[in-house]
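Peer 1: Below you will find the structure I want to go over with you.
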Amino acid sequence: MEFKKILVAGSGVLGSQIAFQTAFSGYEVHVYDINDDAIASAQQRMESLSNTYGEYFNDTARAAKALTSFSFYTDLAQAVSDVDLVIEAVPERIEIKQSFYTQLAKVAPAKTVFASNSSTLLPSQFAQFTGRPEKFLALHFANTIWKNNTAEIMGHAGTDPQYTEQVVEFARTIGMIPFHLKKEQPGYILNTLSVPFLSAGMGLWANDIADPHTIDKNWMISTGSPLGPFGFLDIVGMETPYNLNMMKAEIDPMAKIIAEKIKAEYIDLGKMGASSGEGFYKYPNPAYLDKDFLKQN
Ligand code: NAD
């Protein structure tokens, strides 16, 4: 069976990108979020993504058409009715995701496959709440999905391989390069590499060894990389590193310091990263793109 109707649940940074990419690829897309304010923010994000896609793919007509092909919902039962695939992009908090799958299991049609975009959690942590463990797996996208077009597909031990294969094919149809992991791995390939890297950067900052721009500059000059950990964090947005560090805060004092610093110096001031116009850098022209940024320290 081919997927036709897709529901993206959670329309924040990643959910809105996944929804737009899927609509841009010709699918009918439902978007679900918790309340009208969240939906209004999603609609604003979609408009901005429409401009981004129009420019990036040099096809404003296709981007404008995608913008008109969403249906927005705050009622989960309506949102999921007759949907073939749900892509879940709700906050990276175990209790929120568990409660979301428990509610979804009650109202989704039996045919519907569920895929989680979680960055660090495992499908086996949620399979029992889905009411269909064999039709549940992870489908993980990278931020700025239209150009960083990886899709990591990872089942748990009970996922039926036919659905994994179907999701791999779906990922191809929306322009992704699929990476099917052979077994469960927290953080997949991308975040197994990037989370320790970003944590090390934040540790240097929280420990007052050096400031964010200096840390980035060192990494960029030394390795030839186009951006450092803090440029990367701005693209991710502050919410995810904050949540990840809060989860570790009880057992890791440095994670607590990092989470508090992100909250006090960024989140509380509305500096949520590139999407809000300011994070560790100011946008749309962050200093690390300046031709002189790497010339001196
Ligand atoms: P976000 O905070 O930007 O968006 C989360 C959205 O979920 C918000 O719109 C919020 O209103 C909504 N929400 C909250 N509770 C909900 C509920 N019970 N049901 C439905 N929606 C609910 O977060 P994000 O950065 O888009 O992350 C979402 C997921 O995507 C996380 O699992 C994260 O690990 C993953 N992810 C994030 C990135 C990234 O770079 N930000 C990259 C890959 C994967």
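Peer 1: Enumerate the pairs (first residue in region 2-26 and touching a residue at least 12 places away in the same chain (Cβ under 8 Å) and open to solvent by less than 10 Å² (accessible area, probe 1.4 Å); second residue anywhere and charged (D, E, K, R) and within 13 Å of the ligand (Cβ to nearest atom)) with beta-carbon separation below 6 Å, excluding pairs fewer than 6 apart on the same chain, so at least 6 apart or on different chains.
Peer 2: Correct list of pairs: Ala9/Glu88; Ser11/Asp33; Ser16/Arg45.
Peer 1: Which residues, counting only those in region 140-193, are under 14 Å from the mean Cα position of the chain (by Cα) and among the hydroxyl-bearing types (Ser, Thr, Tyr)?
Peer 2: Thr144, Thr150, Tyr188, listed by residue number.
Peer 1: Collect the residues in region 144-167 that are hydrophobic (A, V, I, L, M, F, W, C) and surrounded by fewer than 18 Cβ atoms within 10 Å (Cβ to Cβ), keeping them in residue-number order. Before the answer, list the steps.
Peer 2: Taking region 144-167 and keeping what is hydrophobic (A, V, I, L, M, F, W, C), we get 145-146, 151, 153-154, 157, 167.
The answer is Trp146, Ala157.
Each row is one residue, and each column tells you yes or no for (1) assigned to a helix (DSSP H, G or I); (2) under 30 Å from Tyr288 (Cβ atoms); (3) within 14 Å of the ligand (Cβ to nearest atom).
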position: Trp146; (1), (2), (3): no, yes, yes
position: Glu169; (1), (2), (3): yes, no, no
position: Pro178; (1), (2), (3): no, no, no
position: Gly201; (1), (2), (3): yes, yes, no
position: Ile209; (1), (2), (3): no, yes, no
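Peer 1: Return yes when Ile39 is farther than 26 Å from Val168 by Cα, in the same structural domain as Ala151 (by TED's automatic domain parsing) and open to solvent by less than 60 Å² (accessible area, probe 1.4 Å) and no when it is not.
Peer 2: Judged against the criteria, Ile39 is a match.
Peer 1: Give me a count of the residues in region 80-103 that are open to solvent by less than 10 Å² (accessible area, probe 1.4 Å), aliphatic (A, V, I, L, M) and within 20 Å of the chain's Cα centre (by Cα).
Peer 2: 3
Peer 1: If you don't mind, there's one more thing I want to ask. Kindly provide the set of residues from region 80-106 that are part of a strand (DSSP E or B) and near the ligand (Cβ under 10 Å from one of its atoms), ordered by number.
Peer 2: Passing the criteria: Ile87, Glu88.
Peer 1: If you scan region 107-143, which residues turn out to be within 14 Å of the ligand (Cβ to nearest atom), assigned to a helix (DSSP H, G or I) and open to solvent by 30 Å² or more (accessible area, probe 1.4 Å)?
Peer 2: Selection gives Val107, Gln125, Phe129.
Peer 1: Being assigned by TED's automatic domain parsing to the domain that holds Leu122, surrounded by fewer than 18 Cβ atoms within 10 Å (Cβ to Cβ), within 16 Å of the ligand (Cβ to nearest atom) and modelled with pLDDT of 95 or more, is that true of even one residue in region 53-70?
Peer 2: no
Peer 1: Residues Gly237, Gly224, Gly203, Gly187: which one is of a type outside the set (Val, Ile, Thr), open to solvent by less than 20 Å² (accessible area, probe 1.4 Å) and at pLDDT 95 or above?
Peer 2: Gly203
The values are calculated or read from the model by the stated rules, or taken from the named source; none is laboratory data. As the structure is a computational prediction, the values presented were derived from the model and not from experiment. Ideal geometry is used to build each Cβ from the backbone, glycine not excepted, and the neighbour counts take in all protein chains shown. Surface accessibility is based on the protein's heavy atoms, side chains included, excluding ligands, DNA and RNA. Shrake-Rupley method; radii C 1.70, N 1.55, O 1.52, S 1.80 Å.
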